[in-house]
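Read through the structure below, which is laid out as structure tokens, and then see the notes.
Derivation of every value follows stated rules applied to the coordinates shown; laboratory data play no part. Note that the coordinates shown come from a computational prediction; the quantities given were computed from them, not determined experimentally. With ideal geometry, Cβ positions are generated from the backbone for all residues, glycine too; neighbour counts draw on all protein chains shown.
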Amino acid sequence: MTTPRYGMILIISGPSGSGKSTLCSRMFEEFSGLEFSVSCTTRAPRGEEKDGIDYHFLSREEFEKHIRNNDFIEYAEVHGNYYGTLKSEVFDRVEKGIDVVLDIDVQGALQIKKKFGSDPEWLRSLESIFIAPPSYTELEKRLRGRGTDAEASILKRLANSKQEMTCWNEYKYIIVNDDLATAQKALSGIISTLRLRSARFKEAPFHEK
Ligand code: ADP
Ligand code: 5GP
């Protein structure tokens, strides 16, 4: 028996290189009914990234048009580029019971918390996890090991990570991504538990006769 329910909006943040993409892509393989909110960005595609799958890659003009049209739930300037979450990536899915993952920075997460934190519908949907690296040394090693960013971009990401890391306790859960398999297990456990939140069920999840 599958009971109709509202989807959750799962915010995942953490400094660049902490392992958000790695962990999320494993979650999409493991769980059905879990989908990625494809953000808009003005940064250039990196490595194998594809338009419409990893990001909607936009010019600054296109991005600013979305701002004027009020198309974003949140947007922020991160590492010198615009990034934003489109309403169209999130709202219909939540209504249909699909869980939506937002890989966004701490500014975006705090904007959502401030703007919608007291709205009952958002409170019902909103969940958040901070992914931390075990140390700055390891973060730098992973950013360099990824081999996709120019030196200037790596340095900017490392500098920004200090501020981002101070926000870890703004999130409901924190996972330290040291051993990947352990972190993956922790994330699976959190998602499985969050799927049992009674507040999101549209009706009783058992036979009433
Ligand atoms: P983010 O999406 O947070 O920027 P990525 O998922 O791209 O980070 O991870 C950064 C790099 O670190 C990648 O090369 C990835 O393969 C590697 N990585 C991720 N998690 C671990 C881990 N637990 N141990 C070692 N390397 C990891
Ligand atoms: P990257 O360039 O490494 O893909 O992402 C850089 C940072 O931008 C990451 O911290 C990522 O979480 C964040 N980010 C990605 N999409 C969005 C978004 O839609 N909004 C905000 N605020 N941040 C985003």
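In this entry, region 34-107 is assigned a mean projected area of 5.2 nm², taken as a quarter of its C-alpha convex hull surface. Residues whose amide H lies under 5 Å from that of GLU74, counting only those 5 or more places away or on a different chain, are THR85; hydrogens are built 1.01 Å from N in the peptide plane.
Distance from the Cα centre of region 138-209 to that of region 74-134, in angstrom? Value for the Cα centre distance between the two parts: 13 Å. Net charge dipole, region 38-89: roughly 80 debye, given to the nearest 20, about the Cα centre with Cβ charges of +1 for Lys and Arg and -1 for Asp and Glu.
Relative to the dominant Cα principal axis of the chain, helix 106-116 is inclined by about 30°.
Counting only DSSP beta bridges whose two residues both lie in the chain, roughly 30 percent are antiparallel.
Coupling constants for region 121-134 follow from the phi torsions by the Karplus curve (6.51 cos²θ - 1.76 cosθ + 1.60, θ = phi - 60°), and in residue order they are 5, 5, 4, 5, 8, 6, 9, 8, 9, 9, 9, 10, x, x Hz; glycine and proline get x. Computed about its Cα centre, the charge dipole of the chain is approximately 400 debye, with only Lys, Arg, Asp and Glu carrying charge at their Cβ.
Seen from a random direction on average, the alpha-carbon convex hull of region 86-209 projects onto 10.0 square nanometres. Number of Lys-Lys pairs in region 38-157 with C-alpha atoms under 15 Å apart and a separation of 8 or more places or on different chains: 4. Projected onto its three principal axes, the C-alpha set of the chain covers 64, 43, 31 Å, listed from the longest axis down. Sequence-ordered 3J(HN,Hα) estimates for region 175-182 from the Karplus curve with 6.51, -1.76 and 1.60 and θ = phi - 60° stand at 10, 8, 8, 8, 7, 4, 4, 5 Hz, glycine and proline given as x.
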